[in-house]
Amino acid sequence: MISADPQAEGGAKGFLIDLEYAAFLQDRRSTSTLREMTGTVYFMALERQDSDYSGKHKAYHDLESFYWSLVYTTVRYTVTNDGARSCNGIFTHRNSKSGFLADGRRQLVVLDNPRLTACIRSFGRVASKSHHARKYMTHASAIKTLDDELVKSGWPENDPALPLESLETSSNEDLGGSRRLTALMRASKEMQRLKMMRQAVLKRKAEDEDGNEQTGEVALGEPSASKRSRQQ
């Protein structure tokens with residue numbers, strides 16, 4: 001990576017990362033496959049994590065990595081039915097990722113955002129077919145899946161990401177409790193706003209109906225008080 005501020009980095013203009021994937025370029029042993037394995041293990045395509053895979057890195061591997069990034073970001077920065085700690089269960093092992101892609105993706109629910117839930121599930125179906133059924137994703141199919149959900153109504157506004165919480169908490173702590181409270185408060189405010197809008201619409205409708213009745217009475221020729229007094 002390139003240093004944005006070399007002085008703050010002790011004069012270094014850049015630094016190396018992901019050293020766990022380092023390998024000698026001339027190494028022809030089995031570890032030489034590391035030369036083509038780049039990225040964070042959590043977000044790697046399942047096929048690239050398979051020790052029996054000997055093929056090259058493909059476009060659908062990158063698309064699957066994007067799916068895993070989306071799942072991780074959603075679980076860590078929103079309120080889900082499983083809580084942030086489920087990251088450990090999903091991403092720790094390759095088999096757990098495979099199990100999530102096969103079944104777990106259907107159970108993931110973003111509590112205050114049904115549209116995001118539907119978006120992840122739709123993308124998950126494409127990713128699952130790509131890995132389990134070998135109906136490989138393309139850029140077009142992945143983008144279409146996302147676009148089909150993004151154009152639908154119901155996406156919340158003013159919906160910032162929640163603060164990142166440490167996963168290193170004891171089992172008796174309610175990890176994500178503050179997140180759930182935040183989500184409930186946000187949902188309560190939204191319900192109150194919708195209630196006020198509904199009341200305003202009903203009030204306006206009642207006023208319009210009352211005005212229409214008065215106009216109808218005049219149109220039917222019912223004499224006003226001043227007209228009746230002149231007639232008398």
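At-a-glance table
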quantity: The stretch 98-134: number of residues that are among the basic types (Lys, Arg), over 18 Å from residue 49 (Cβ atoms) and exposed (fewer than 13 other Cβ atoms within 10 Å of the Cβ); calculated: 1
quantity: One residue from 106, 134 being over 24 Å from residue 84 (Cβ atoms), in the same structural domain as residue 65 (by TED's automatic domain parsing) and charged (D, E, K, R); calculated: 134
quantity: Odd one out for residue 37 among (1) at pLDDT below 90; (2) surrounded by fewer than 15 Cβ atoms within 10 Å (Cβ to Cβ); calculated: (2)
quantity: Any hit, the stretch 210-230, residues being modelled with pLDDT under 80 and under 37 Å from the mean Cα position of the chain (by Cα); calculated: no
quantity: Where a residue in the stretch 121-150 is within 17 Å of residue 108 (Cα to Cα) and its partner, wherever it lies, is exposed (fewer than 14 other Cβ atoms within 10 Å of the Cβ) and not acidic (Asp, Glu), with Cβ under 8 Å and at least six apart; calculated: 121/106; 124/106; 128/102
quantity: Flag if residue 93 is within 20 Å of residue 44 (Cα to Cα) and surrounded by fewer than 16 Cβ atoms within 10 Å (Cβ to Cβ); calculated: yes
quantity: Whichever residue in the stretch 135-166 is among the aliphatic types (A, V, I, L, M) and surrounded by 15 or more Cβ atoms within 10 Å (Cβ to Cβ) and, among such residues, is modelled with the lowest pLDDT; calculated: 162
quantity: The one condition in (1) at pLDDT below 85; (2) in the same structural domain as residue 140 (by TED's automatic domain parsing) that residue 79 fails to fulfil; calculated: (1)
quantity: Test: residue in the stretch 74-85 that is of a type in the set (Gly, Ala, Ser), in contact (Cβ under 8 Å) with a residue 12 or more places away in the chain and assigned to a helix (DSSP H, G or I); calculated: no
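The values are calculated or read from the model by the stated rules, or taken from the named source; none is laboratory data. Because the structure is a prediction, the values reported are computed rather than measured. When we count neighbours, we look across all protein chains shown, and the Cβ atoms used for this are built from the backbone with ideal geometry, even at glycine.
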